[in-house]
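J.: Got a structure for you, written out below as structure tokens; questions coming shortly.
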């Protein structure tokens, strides 16, 4: 007799589609999912430069120094009015690379030395794959997402 009562009880549970425990678990999972989505949206809005929201327009630019068969890559925040020369100076300081340059009264740049290289005649600079005249380094503005490549052959 006890056996038949257990079967009836267990069959009642399986037939009930609105089991309170199952509904409670599903509701908690749904609320948790919504909270995660809200938190990620809020977090990326407050921290636009975070890894979650790493877009090209996130406020950083990339500078690649290529010489002596070595490429060194630097990434950093851009500021309004920042030029290619500014990015080069900041990157070389961070990388412990010396740079010597001169700006004449026409605001034209001459790079005299880069690290141990005194002959800079083979220096080429590209901004987003477009070649930039060396004299224009102090005039050419950069913006978030830009890629600057400085090559010394």
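Taken together, the values in this text are just the output of simple stated rules run on the coordinates, not laboratory data. All values reported here derive from a predicted model rather than from experimental measurement. Cβ placement follows ideal geometry from the backbone for every residue including glycine, while neighbour counts extend to all protein chains displayed.
J.: Between residue 124 and residue 143, what length in nm is gained on full extension when 0.36 nm per residue of separation is reduced by their alpha carbon distance? Spell out each step's value before the answer.
T.: On the way: separation 19, 0.36 × 19 = 6.84 nm, distance 1.97 nm.
Extra length from residue 124 to residue 143 when fully extended: 4.9 nm.
J.: Could you give the nm distance between label points at residue 104 and residue 36, where each point is 7 Å from its Cα heading toward the beta carbon?
T.: 6.2 nm
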